[in-house]
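Enquirer: This is the structure, below, for whatever I ask next.
The values are calculated or read from the model by the stated rules, or taken from the named source; none is laboratory data. All values reported here derive from a predicted model rather than from experimental measurement. Note that we place each Cβ from the backbone using ideal geometry, even for glycine, and neighbour counts take in every protein chain shown. Just so you know, the surface numbers come from the protein's heavy atoms only, side chains and all, with ligands and any DNA or RNA stripped out. Shrake-Rupley method; radii C 1.70, N 1.55, O 1.52, S 1.80 Å.
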Amino acid sequence: MHYWNKDAECVDRGELDALRNYRLMKTVRHAYENVPAYKRKFDEIGLRPEHIRGIEDISKIPFTTKVDFRDNYPFGMYAVSMDKVVRVHASSGTTGKPVVVGYTQGDIGIWAECIARTLGAGGTTKGDIVQNAYGYGLFTGGLGAHCGAERIGASVVPISGGNTKRQIQIMQDFGSTVLCCTPSYAELIGETAHEMGVDTSKLPLKAAFLGAEPWTENMRRKIEELLNIDALDIYGLSEVMGPGVAYECLEKNGLHINEDHFIAEIVDPDTDEPLPPGSKGELVFTSLTKEALPILRYRTHDITYMFDEPCPCGRTFNRVHRIMGRTDDMLIVRGVNVFPSQIESVLMEMEGTEPHYMIVVDRSEGEMDTMEVWVEVSPELVSDEVRALEAMERKIAGELHSLLGISLKVKLVEPKSIARSEGKAKRIVDRRDLYK
């Protein structure tokens, strides 16, 4: 078995629970005393930090949602002054203002530790060459994986995403042993390598750490076969920390939660009531050690379940099953969060279109995710020249690319050709079959 920090990852469960209780009480007081939004929430229901004496009281704490981040944009959720914040990351602003997260130097150190455990679970050591094809920038994926690899002492190749043939060339020339990227990109790299006639069995690559989008066991098998590696799932989200919140070991049976730094709960998305291990519901996280941005009971909208049976790897951290769905209508396309409301906001500004559209997402074998937006045009526009219609398709596609940061196709369709609904409109056709 491989570990980065065996003492922490295989700690006695009793010691771990005592540590978690202490850290929870400390975090609650830190949030209450330094984040006005949390103080208001507590005061509204008469809750005081001293009422939280351990994890058994966690359900008393109000939930945090993405709305809290937007209402307190950009830095209102921070618990420290900006002179203590050494790094800022942000979402793409999917449904309005972006979620802005901050880190102290101590937070960066804990993040690096969590990612080091993640990479270490797949056998990454000081002698490895880590090809990091996650995107760098405001997205947490690139720099998150980067800091963990450096913590281990591995050599990082910060190639970021894109230029697939160059990725393969670098892989051959530099002798990369570890790959970090989204699962769909790993599959594309594998397919491209075979198209180039590269014998991947002769590459030194041994493992890939894949996250930022949902994927399946079938995809895992395909990627492992294409690249002759172990493909491991990793989980994280910016609001909680970034990648490294939970990770698979080589048993490939659920993701170990870094429970000395996070408390995970499963709640019923309809009643908000906590659910026992084995019950499927919404995943909720509380941070235990974050200084700049303590987070209390953050609702992820991810659907899954937890299990507490011992893992053959020896880690005592409980595990969470790979994500099985969402409670909202958010799509994740090539690592980018996409909401139908974003599409709608662009179409509403376009003269000649109707407020009826459909988002079609697909993932063909060996290809990255594709997204096509079907848009109904007004009856007056139907008679226009083909050239004018094509110009409108390009214009809408350009506006959406500017907003979302990913390329997509737009297809104009005739009036009333998209099925109407008597209830909530169906806006998404996701053909990727992601949650099996």
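Enquirer: Of the residues that sit in segment 302-361 and are of a type in the set (Lys, Arg) and in contact with a helix residue (DSSP H, G or I) (Cβ under 8 Å, 6 or more places away or on another chain), which one is nearest to residue 284 (Cα to Cα)?
Expert: 315
Enquirer: Can I ask one more? Would you please name the residue that is modelled with the lowest pLDDT, looking only at residues in segment 76-91 that are in contact with a strand residue (DSSP E or B) (Cβ under 6 Å, 6 or more places away or on another chain) and crowded, with 17+ Cβ neighbours inside 10 Å?
Expert: 90
Enquirer: Which residue pairs have Cβ atoms closer than 7 Å, lie 6 or more positions apart in sequence or on different chains, and pair a first residue in segment 153-165 that is assigned to a strand (DSSP E or B) with a second residue that is surrounded by 18 or more Cβ atoms within 10 Å (Cβ to Cβ) and polar (S, T, N, Q)?
Expert: As it stands, the answer is 156/132; 157/131; 157/132; 157/176, since those pairs meet every condition given.
Enquirer: Among the residues of segment 130-150, write down those that are touching a helix residue (DSSP H, G or I) at 6+ places or on another chain (Cβ under 6 Å) and open to solvent by 30 Å² or more (accessible area, probe 1.4 Å).
Expert: The answer is 136, and nothing else.
Enquirer: Same structure again: Does segment 314-372 hold any residues that are hydroxyl-bearing (Ser, Thr, Tyr) and in a strand (DSSP E or B), and which are they?
Expert: Passing the criteria: 353, 357, 370.
Enquirer: Yes or no: segment 317-325 includes at least one residue that is in contact (Cβ under 8 Å) with a residue 24 or more places away in the chain, crowded, with 18+ Cβ neighbours inside 10 Å and over 30 Å from residue 265 (Cβ atoms).
Expert: Checked against the condition, which is being in contact (Cβ under 8 Å) with a residue 24 or more places away in the chain, crowded, with 18+ Cβ neighbours inside 10 Å and over 30 Å from residue 265 (Cβ atoms), segment 317-325 yields no hits at all.
Enquirer: Hey, another quick one. Within segment 368-383, is there a residue that is farther than 22 Å from residue 414 by Cα and not hydroxyl-bearing (Ser, Thr, Tyr)?
Expert: Checked against the condition, which is being farther than 22 Å from residue 414 by Cα and not hydroxyl-bearing (Ser, Thr, Tyr), segment 368-383 yields at least one hit.
Enquirer: Being among the aromatic types (Phe, Trp, Tyr) and within 15 Å of the chain's Cα centre (by Cα) is the filter here, so list the residues in segment 301-357 that pass it.
Expert: 339
Enquirer: Consider residue 101 carefully, then state whether it is within 18 Å of the chain's Cα centre (by Cα), β-branched (Val, Ile, Thr), in a strand (DSSP E or B) and under 22 Å from residue 301 (Cβ atoms).
Expert: yes
Enquirer: Checking residue 188 against (1) part of a helix (DSSP H, G or I); (2) of a type outside the set (Ser, Thr, Tyr); (3) under 21 Å from residue 2 (Cα atoms): exactly one of these is not met. Which one?
Expert: (3)
Enquirer: Does residue 172 satisfy the criteria of being more than 21 Å from residue 240 (Cα to Cα), open to solvent by 10 Å² or more (accessible area, probe 1.4 Å), polar (S, T, N, Q) and not in a loop (DSSP other than H, G, I, E, B)?
Expert: Judged against the criteria, residue 172 is a match.
Enquirer: Of 102, 106, which residue is at pLDDT 95 or above, touching an Asp or Glu at 6+ places or on another chain (Cβ under 8 Å) and surrounded by 14 or more Cβ atoms within 10 Å (Cβ to Cβ)?
Expert: Step by step, each of 102, 106 is checked, and only 106 is at pLDDT 95 or above, touching an Asp or Glu at 6+ places or on another chain (Cβ under 8 Å) and surrounded by 14 or more Cβ atoms within 10 Å (Cβ to Cβ).
Enquirer: Would you check which residues across segment 351-384 are open to solvent by 60 Å² or more (accessible area, probe 1.4 Å) and at pLDDT 80 or above and list them?
Expert: Passing the criteria: 351, 370, 374.
Enquirer: Taking segment 195-221 only, how many residues are at pLDDT 95 or above and not charged (D, E, K, R)?
Expert: 12
Enquirer: Touching a Lys or Arg at 6+ places or on another chain (Cβ under 6 Å) and at pLDDT 95 or above, is that true of residue 112?
Expert: yes
Enquirer: Looking at segment 214-235, which of the residues that are part of a loop (DSSP other than H, G, I, E, B) and open to solvent by 10 Å² or more (accessible area, probe 1.4 Å) is nearest to residue 368 (Cα to Cα)?
Expert: The selected residue is 214.
Enquirer: Considering each residue of segment 291-310, count those that are outside any strand (DSSP E or B) and within 13 Å of residue 323 (Cα to Cα), and give that number.
Expert: Here the count works out to 1.
Enquirer: Let me ask something additional. Looking for whichever is over 26 Å from the mean Cα position of the chain (by Cα), modelled with pLDDT of 95 or more, within 24 Å of residue 257 (Cα to Cα) and open to solvent by 80 Å² or more (accessible area, probe 1.4 Å) here; the options are 39, 6, 26. Which one fits?
Expert: Just one listed residue meets the conditions, 26.
Enquirer: A further question follows. Residue by residue through segment 276-294, note down the ones that are buried (at least 17 other Cβ atoms within 10 Å of the Cβ) and out of contact with any helix residue (DSSP H, G or I) (no Cβ under 8 Å at 6 or more places or on another chain).
Expert: Correct list: 281, 282, 283, 284, 285.
Enquirer: Of all helices (runs of 4 or more DSSP H) completely enclosed by segment 1-84, which ones contain at least 2 residues that are touching a helix residue (DSSP H, G or I) at 6+ places or on another chain (Cβ under 8 Å), closer than 17 Å to residue 287 by Cβ and not aliphatic (A, V, I, L, M)?
Expert: Answer list for segment 1-84: 13-34, 36-44.
Results for (1) among the aromatic types (Phe, Trp, Tyr); (2) more than 21 Å from the chain's Cα centre (by Cα), shown as yes or no for each residue.
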site	(1), (2)
77	no, no
87	no, no
111	yes, no
117	no, no
120	no, no
132	no, no
156	no, yes
162	no, no
171	no, yes
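Enquirer: Still on this structure, I have one more. I'm checking my understanding of the structure. Among residues of segment 385-399 that are among the hydrophobic types (A, V, I, L, M, F, W, C) and surrounded by 14 or more Cβ atoms within 10 Å (Cβ to Cβ), which one is nearest to the chain's Cα centre (by Cα)?
Expert: 397
Enquirer: Quick test of your reading of the structure: residue 259 fulfils all but one of (1) part of a loop (DSSP other than H, G, I, E, B); (2) in contact with a helix residue (DSSP H, G or I) (Cβ under 8 Å, 6 or more places away or on another chain); (3) of a type in the set (D, E, K, R); (4) open to solvent by 10 Å² or more (accessible area, probe 1.4 Å). Name the failing condition by number.
Expert: (4)
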